[in-house]
Amino acid sequence: MKTTAEAITAVETAFAETPRPANIDLLHPECSDDLDIRGLYPIDRWQDVDDTLVEYEYAALFFLSPAGFRFFLPAYLRWVLSHPYSEAAVLDSTIRALTPQPGDLAAFSLSKFTEIEPDERSAILGFLEAMTVNTEIDLAPAWDYWSSLA
């Protein structure tokens with residue numbers, strides 16, 4: 001099992017060179033407003049997203065385009081790994097953002113994963129493995145999806 005430190009290192013390494021899309025390309029084309037991602041606009045490097053911004057923009061992953069999702073996801077993964085027992089909304093929303101949604105949201109949720117590279121997928125699996133320390137979280141749906149791609 002990956003430790004938290006190993007999972008953080010894997011995330012930081014896998015996403016180190018992920019290109020940042022232009023601000024105009026951050027919002028998912030199916031979303032009508034950018035209210036939940038505005039705090040991300042001034043950030044040039046995902047490594048510079050601080051904990052306060054992650055907590056404030058906890059829902060951002062749901063509204064980001066595939067390129068925006070890929071770029072900002074590691075900041076959220078790092079936050080969750082650093083706070084695996086937190087009751088902040090960002091923990092649940094990050095796990096949910098990695099989980100394909102059923103019904104009408106299926107295609108939308110899966111669209112976010114289209115730009116994730118193989119090494120990034122491995123880091124996501126490492127993240128999910130490390131998060132098993134919190135037995136209160138249902139990781140099975142996310143694990144089933146990401147492990148099926150390995």
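The values are calculated or read from the model by the stated rules, or taken from the named source; none is laboratory data. In this text the structure is predicted, and so the values were computed from the model without any measurement. Cβ atoms come from the backbone with ideal geometry, glycine included; neighbour counts cover every protein chain shown.
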- Task: Starting from residues that are in contact (Cβ under 8 Å) with a residue 60 or more places away in the chain and either among the small types (Gly, Ala, Ser) or assigned to a helix (DSSP H, G or I) (or both), keep the ones in segment 35-87 and report whichever is surrounded by the fewest Cβ atoms within 10 Å (Cβ to Cβ).
- Result: Ser82
- Message: Can you find a residue that is assigned to a loop (DSSP other than H, G, I, E, B), surrounded by fewer than 17 Cβ atoms within 10 Å (Cβ to Cβ) and among the aliphatic types (A, V, I, L, M) anywhere in segment 93-116?
- Response: no
- Message: So for segment 118-125 (the condition being modelled with pLDDT of 95 or more and exposed (fewer than 15 other Cβ atoms within 10 Å of the Cβ)), does at least one residue qualify?
- Response: yes
- Counting only residues that are polar (S, T, N, Q), within 19 Å of Glu6 (Cβ to Cβ) and assigned to a helix (DSSP H, G or I), how many does segment 117-150 have? 3
